[in-house]
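The values are calculated or read from the model by the stated rules, or taken from the named source; none is laboratory data. Keep in mind that what you see is a predicted model, and the values were worked out from it rather than measured. Because the Cβ atoms are built from the backbone with ideal geometry, glycine has one as well, and the counts that use them run over all protein chains shown. Keep in mind that these areas ignore ligands, DNA and RNA; they rest on the heavy atoms of the full protein, side chains included. Shrake-Rupley method; radii C 1.70, N 1.55, O 1.52, S 1.80 Å.
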Amino acid sequence: MLELKLVNFKNYEDLRVSFSPQLNCFVGMNGMGKTNLLEAIYYLCMTKSNFGTNDRQMVRQGADFFRIEGNFAEQDKVVAKVIPGKQKKFERNDVAYDRLLEHIGEIPVVMIVPDDTQLVSEGSEERRRFIDNTLSQLETGYLKMLMTYNKVLKQRNAALKGMGKSGYYDDQLIQAYNGQLLAPADFIYQARKKFIAEFLPVFQRFYRVISNDAEQVAGVYVSKLENDSLENLLRENEQKDRILQRTTAGIHRDDLKFIIGGNPLRKFGSQGQLKSFVLALKLAQFEFLKQQKEKKPLLLLDDIFDKLDRYRVAQLIGLLLDQDFGQIFITDTHENRLEKIVEQYATNYRKFTVENGKII
Amino acid sequence: MNFSSTLIEEAVMAFTALPGIGKKTALRLVLHLIDQPGQTSEQFSEAIVKMRRNIKHCSICHNVSDAEICAICTSPKRNSQIVCIVETIRDVMAIEATGQFNGVYHVLGGVISPIEGVGPDDLNIESLEKRVHDKKVKEVIMAISPTIEGDTTIFYISKKIKDSGVNISTIARGISFGGELEYADELTLGRSIATRLPYQDTDK
């Protein structure tokens, strides 16, 4: 990305900034808008926030729309024009996309934030999101299938709820939904299974580097579809679904179990191990996307010192630049800490001081 | 907007209650009617009142109708053994405009969508079942939107009527006429390949 222009995005009223093709550092105090810059870049690639923030909250206070423009090459421009609740338009070189999902994966991106530890500490939803995020960037078909599955699932659950209220159970309607879930579920299950198998070695390699070859780690894909077809599962859980008024089996319940030294990471991992684990996951995601797409994703590193000490950060930046990670954006609260490390490695870097929605 | 007359204001408000008409358009229409002789407005309002008072829904197919049973259902030229199932009255008009269909219709009044609070009971499905079971219907054509909700509805109805032995078909889905393959989305193109048709010389 050569240049970014923001209008009314978060605390930026009007910003225009040019980047280094290698390494870009945003420094400044907390709450000044460093992360907002990373979020704008992420939004432009994925058509939504990395943090699950809704569009309304992205608009600068007092404004009713926001606009993000990124020039990715001389002749490659992406523009997002969003009026929350009214319009959400993405344009590539002045041509609007019919559907936003067509844009996802066009410009691959990986964002690493302190909150990533939720991948381990929170429920399975976060881990499915990680898998889905990666696969969506690789294959538009995957995202389409996932959206179909989720829509049918929502209707099925609404139907179960309605039937619970009225007391009349319409078996044929549930059967209709079951039939519609099968094909997308199978597609998603196969894609996830294949992905985990291919992703695991990449992840293990990164963990070895980051943790200095400490323990054996693994990620195990857990899905009920492993042993039975969704058709059977839905039938077996019919009574349960009726009572709970929601769908209790399916790929929306899949999980990815993290293992360290043969034990569950959640219970046995130390804080340090947890942070290294998550960082390795994200870097492996980057590497995986790069290999599959034959195109380097943008790498957005938010508050990296939160995860690692000074020595490790130096090691990481060395690793990133050595292996040619493409274009990197980093934020930090200390002006000099990052610069000192970066100077040793980077040949082409730019520092931006962020203050109250402006770059000075 | 400041109107010098409450009469005009009321008329403008009445027009803006219609879909797709804003205040400016409404005012233009009202001013136009003022320019015309009073008779025009009278005929206009009479036509609307008369239409609204007398319009019925056909007791067989639920299409709009002047009489108890609509002109399509009563026509001796139509083949009542073929029933085309559609979502709305507008779909009837669209298919009629093609001039390609000689059977009769059944208007559901929507598609199944529990999220929107529309269940099978809210649609004209029961009367369809009866129709298929009682009368000698040979074929049912599902002309329903290719959406998730549309698919659910097709699936549901086909389960309900399949025991009667009726033939069930759906309208073809695929590349639109005059469209170019290159621009078709993958889902449509993939489906068109999978459900390809034998070539006929007469295809036009």
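Listed conditions (1) within 14 Å of chain A (Cβ to nearest Cβ); (2) surrounded by 12 or more Cβ atoms within 10 Å (Cβ to Cβ) are all met by residue B:117, apart from (2).
Only one residue in A:192, A:205 is open to solvent by 50 Å² or more (accessible area, probe 1.4 Å), in the same structural domain as residue A:249 (by TED's automatic domain parsing), among the basic types (Lys, Arg) and over 14 Å from residue B:112 (Cα atoms). Which one? Outline the logic, then answer.
Details: A:192 fails: open to solvent by 50 Å² or more (accessible area, probe 1.4 Å).
Among A:192, A:205, only A:205 is open to solvent by 50 Å² or more (accessible area, probe 1.4 Å), in the same structural domain as residue A:249 (by TED's automatic domain parsing), among the basic types (Lys, Arg) and over 14 Å from residue B:112 (Cα atoms).
Tell me which residues, restricted to segment B:101-112, are within 14 Å of chain A (Cβ to nearest Cβ) and buried (at least 21 other Cβ atoms within 10 Å of the Cβ). Answer for segment B:101-112, where residues must be within 14 Å of chain A (Cβ to nearest Cβ) and buried (at least 21 other Cβ atoms within 10 Å of the Cβ): B:111, B:112. Just a yes or no: is a residue in segment A:304-313 out of contact with any strand residue (DSSP E or B) (no Cβ under 8 Å at 6 or more places or on another chain), open to solvent by less than 60 Å² (accessible area, probe 1.4 Å) and either under 18 Å from residue A:44 (Cα atoms) or modelled with pLDDT of 75 or more (or both)? Checking segment A:304-313: at least one residue is out of contact with any strand residue (DSSP E or B) (no Cβ under 8 Å at 6 or more places or on another chain), open to solvent by less than 60 Å² (accessible area, probe 1.4 Å) and either under 18 Å from residue A:44 (Cα atoms) or modelled with pLDDT of 75 or more (or both).
Filter segment A:163-175 down to the residues that are more than 8 Å from every other protein chain (Cβ to nearest Cβ), surrounded by 17 or more Cβ atoms within 10 Å (Cβ to Cβ) and not β-branched (Val, Ile, Thr) and list them by number.
Here is the first cut: in segment A:163-175, the ones more than 8 Å from every other protein chain (Cβ to nearest Cβ) are A:163-169, A:171, A:174.
Subset that is surrounded by 17 or more Cβ atoms within 10 Å (Cβ to Cβ): A:163, A:174.
The answer is A:163, and nothing else.
So for segment B:43-65 (the condition being charged (D, E, K, R) and farther than 30 Å from residue B:105 by Cβ), does at least one residue qualify? No - not one qualifying residue is present in segment B:43-65.
Can you pull out the helices (runs of 4 or more DSSP H) entirely within segment B:1-60 that have at least 2 residues that are among the acidic types (Asp, Glu) and over 24 Å from the mean Cα position of the chain (by Cα)? Before the answer, list the steps.
Numbers: elements: B:6-16, B:23-35, B:38-54.
Counting at least 2 such residues, we get B:6-16, B:38-54.
The criterion of being within 14 Å of another protein chain (Cβ to nearest Cβ), among the acidic types (Asp, Glu) and surrounded by fewer than 14 Cβ atoms within 10 Å (Cβ to Cβ) does not hold for residue B:149.
Just one of the numbered conditions (1) more than 8 Å from chain B (Cβ to nearest Cβ); (2) among the hydrophobic types (A, V, I, L, M, F, W, C); (3) closer than 25 Å to residue B:114 by Cα; (4) surrounded by 19 or more Cβ atoms within 10 Å (Cβ to Cβ) is not true of residue A:152: (1). Checking the stated criteria, residue A:255 turns out to be open to solvent by 20 Å² or more (accessible area, probe 1.4 Å), modelled with pLDDT of 90 or more and of a type in the set (D, E, K, R).
Specify the residue that is modelled with the lowest pLDDT; the eligible residues are those in segment A:118-143 that are among the small types (Gly, Ala, Ser) and farther than 25 Å from residue A:273 by Cβ. The residue in question is A:141. The listed residues are A:160, A:146, A:181, and the only one of them that is at pLDDT 95 or above, within 30 Å of residue A:284 (Cα to Cα) and buried (at least 21 other Cβ atoms within 10 Å of the Cβ) turns out to be A:146.
Results for (1) within 20 Å of residue B:86 (Cβ to Cβ); (2) surrounded by fewer than 13 Cβ atoms within 10 Å (Cβ to Cβ); (3) out of contact with any Phe, Trp or Tyr (no Cβ under 7 Å at 6 or more places or on another chain); (4) not assigned by TED's automatic domain parsing to the domain that holds residue B:113, shown as yes or no for each residue.
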| residue | (1), (2), (3), (4) |
| --- | --- |
| B:165 | no, yes, yes, no |
| B:168 | yes, no, yes, no |
| B:187 | no, no, yes, no |
| B:191 | no, no, yes, no |
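Pick out, from segment A:248-360, the helices (runs of 4 or more DSSP H) lying fully within it that include 3 or more residues that are under 21 Å from residue A:38 (Cβ atoms).
Numbers: elements: A:265-268, A:271-293, A:310-322, A:335-345.
Output list reads A:271-293, A:310-322, A:335-345.
Look at segment B:126-153: where a residue is over 20 Å from residue B:81 (Cβ atoms) and a partner is open to solvent by 40 Å² or more (accessible area, probe 1.4 Å) and assigned to a helix (DSSP H, G or I), sitting 6+ places away or on another chain with Cβ atoms under 8 Å, you get B:148/A:148; B:148/A:151.
Quick check, is residue B:192 farther than 19 Å from residue B:105 by Cβ, away from chain A (no Cβ under 12 Å), of a type in the set (Ser, Thr, Tyr) and in a helix (DSSP H, G or I)? For residue B:192, the condition - farther than 19 Å from residue B:105 by Cβ, away from chain A (no Cβ under 12 Å), of a type in the set (Ser, Thr, Tyr) and in a helix (DSSP H, G or I) - is met.
Name the strands (runs of 3 or more DSSP E) wholly within segment A:1-117 that hold at least 2 residues that are surrounded by fewer than 18 Cβ atoms within 10 Å (Cβ to Cβ)? Outline the logic, then answer.
Working: elements: A:3-9, A:12-18, A:23-27, A:66-73, A:76-83, A:87-92, A:109-112.
Of the strands (runs of 3 or more DSSP E) lying wholly inside segment A:1-117, those with at least 2 residues that are surrounded by fewer than 18 Cβ atoms within 10 Å (Cβ to Cβ) span A:3-9, A:12-18, A:66-73, A:76-83, A:87-92.
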